[in-house]
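One structure below.
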Amino acid sequence: MRILRALAATAVALALLPAIPAASGAERSSGRSAGRTLPALTRVPADALTKALNHGELTDAEYALERATSLFRLPSVRNRFGAVARPHGRDATLILRDLAMRAEYLSGDDRTAAEAILARPDDSIGEPYGQPYKEGATVEVICANGDVKLCVHFVPTGGNDPFNRTDPAWAASTLAEMTNVWDQEITEMGFRPPRSDGTSKNDGGDDRTDIYLANIGSDGVYGYCSTDDPELYDLDGRYDLSAYCVLDNDYTEDAFQNLTPLENMQVTAAHEFFHAVQFAYDFFEDAWFMEGTAAWVEDEVYDEVNDNYQYLDESPMTQPGTPLDRTNGSSLFMNRYGAWIFWRYLSEAFSDTPQTVDHDVIQSIWELADGASGGPNNYSLQAVKRFVVDQGTSFRGVMGGFAASAFAPETFFEEGAGYLDWLVTNGWNVGGGGRPPLSLNKTLSASTPSGRKAKRLDHLSSAYYAFGPAGSVSDSSMLRLKVKGPARRRGTTATALVHGTNGLITVHSVFSLNSDGDGNLTVPFGPSSVQRVVVVASNASTKFVDCGFRSYLSCGGRPKFDNQKFVVRGKLLQ
């Protein structure tokens, strides 16, 4: 894994190495939240609600209310609006965050409905949505010991709330897994524990973090965390909040596929609890950072489950031309969940020990994003950039290293062979063997000695150009590569990967680019040893203007250097 660190640390030639948004969706800033512009509304597939929002028939706050209602009472929303999509159950946390941020703009019945949706299952604010405990239901509470400050609330078997009854043994198992999650994420990895909920009207009995078990699986929801922190609308320049979480009470519904009930509970617990952790840093952070790192931590706490592999289906590994931080891609998970592979890359690239993850990397980035009182309060990409600069490298190097590693994960990631296997099994074979799609795939010979491709790349995106030698080419042949990109200061970077006939993939070199973003490179091209050479070109620009603009990108800003032209050429030298 040392190659990862080398790619991140330099943009000069390497020797041949062995394989080894604050967006706005809101009509205005949260006036009582120190003027901070709200993140964009959570992106979902276009439907009747998004149409009503776009046509001005709903305000952002009203839309957030209806979308949150559709999590738990979809038929009622469809009756009023028509063809409304069912939100994916894994998006409940961000959808409820949308509502919590905007509830202050609602009034009357709408405000009452919002408070009910955001209420805990055992609250008596109107009629809580989700799957509230029946009024007067017997609720048991079991708590962890020592430094693990959390409690699990549930309606026991035989209780007077049949719909939400939970087997006490399952509740105990949930507490055991939540304790493990706390031990891993807080004690071992060093993340900040969730903020005390002692000021909430319902604090669950004390200031420990509360986990409620309810039959939310009947709505296809895995779990969620939300906040009833009374300081939400009076933050006075800080953005950290307390949280409570709700998990399904058995994970046996049809919505939970591929994994066992226990495995579903485990990865959901790790993921959702990490949202509670994130709230203690910055409730308002960018979605790709929040969901990407929450998906990343699933595999760190429960390494054998690998549920986050499913997000590779729509990630930089399968759609490299989509900006890494964009959360409104072709479908639901692009890119906020699929971005976990980038956070995995960082945690391996900056590890001092090969083929291991350094959790301090992600913890350090969250510390740089910390919006609590006195925190640096950097936005997501800004925090990453500052972290890598503190390590003595550049973001250009990081983006180039990530893009190269994404094309050859079995060489550069600890679990990369598993990533490829999953992609191939699930039909991603566009670039060959589950690799990213190629912008150019050219076989060179005496009759066709060159190939060229021009392509425009947005920020934080990449493209791959492959050149292969025909069998008739001499073994002493070389390949002359030329890259012409935008100015180097705009983040231009390029790398050459050599695929050997022995099955190994090596980084031959990082292009040494001049200030105009142009560079040349000559690599071996004999067919007895080289199967193909892949040029990896990336737009690593981190420049944004107008943070808080209407976008689904980092800080909700507008990228300064999108749509940049890259030209890659390859010429056979015999």
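The values are calculated or read from the model by the stated rules, or taken from the named source; none is laboratory data. Model, not experiment: these values are computed from the prediction. All Cβ positions, even for glycine, are placed from backbone atoms using ideal geometry, and neighbour counts span all protein chains on display.
Quick notes
Yes or no, residue by residue, for (1) surrounded by fewer than 22 Cβ atoms within 10 Å (Cβ to Cβ); (2) part of a strand (DSSP E or B); (3) within 31 Å of the chain's Cα centre (by Cα):
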site	(1), (2), (3)
Ser472	yes, no, no
Asp475	yes, no, no
Arg480	yes, yes, no
Arg489	yes, no, yes
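- Taking the listed residues Val424, Val357, Val388, Val361, the one that is among the aliphatic types (A, V, I, L, M), part of a loop (DSSP other than H, G, I, E, B), more than 18 Å from Val535 (Cβ to Cβ) and not assigned by TED's automatic domain parsing to the domain that holds Thr493 is Val357, with no other qualifying.
- Of all residues making up the range 540-574, the number that are among the small types (Gly, Ala, Ser) and over 19 Å from Leu513 (Cβ atoms): 5
- Any chance Ser347 is in a helix (DSSP H, G or I) and under 30 Å from Arg532 (Cα atoms): yes
- Comparison of Val84, Val148, Val77 shows that the only residue that is more than 18 Å from Asp248 (Cβ to Cβ), assigned to a helix (DSSP H, G or I) and not hydroxyl-bearing (Ser, Thr, Tyr) is Val77.
Results for (1) at pLDDT 95 or above; (2) touching a Pro at 6+ places or on another chain (Cβ under 8 Å); (3) surrounded by fewer than 24 Cβ atoms within 10 Å (Cβ to Cβ), shown as yes or no for each residue.
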residue: Gly237; (1), (2), (3): no, no, yes
residue: Ala243; (1), (2), (3): yes, yes, no
residue: Ala255; (1), (2), (3): no, no, yes
residue: Asn264; (1), (2), (3): yes, no, no
residue: His271; (1), (2), (3): yes, no, no
residue: Phe284; (1), (2), (3): yes, yes, yes
residue: Phe289; (1), (2), (3): yes, no, no
residue: Asp303; (1), (2), (3): yes, no, yes
residue: Thr318; (1), (2), (3): no, yes, yes
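- In the set (1) surrounded by fewer than 23 Cβ atoms within 10 Å (Cβ to Cβ); (2) touching a strand residue (DSSP E or B) at 6+ places or on another chain (Cβ under 8 Å); (3) at pLDDT below 95, the condition left unmet by Ala144 is number (3).
- With respect to (1) within 30 Å of Pro87 (Cα to Cα); (2) more than 18 Å from the chain's Cα centre (by Cα); (3) crowded, with 19+ Cβ neighbours inside 10 Å, the lone exception for Ser380 is condition (2).
- Yes/no for Leu58 being more than 22 Å from the chain's Cα centre (by Cα), at pLDDT 50 or above and over 21 Å from Arg238 (Cα atoms): yes
- Lys442 part of a strand (DSSP E or B) and either in contact with a Ser or Thr (Cβ under 6 Å, 6 or more places away or on another chain) or among the polar types (S, T, N, Q) (or both): no
- From Ala144, Ala137, Ala169, residue being closer than 15 Å to Arg120 by Cβ, assigned by TED's automatic domain parsing to the domain that holds Asp250 and among the hydrophobic types (A, V, I, L, M, F, W, C): Ala137
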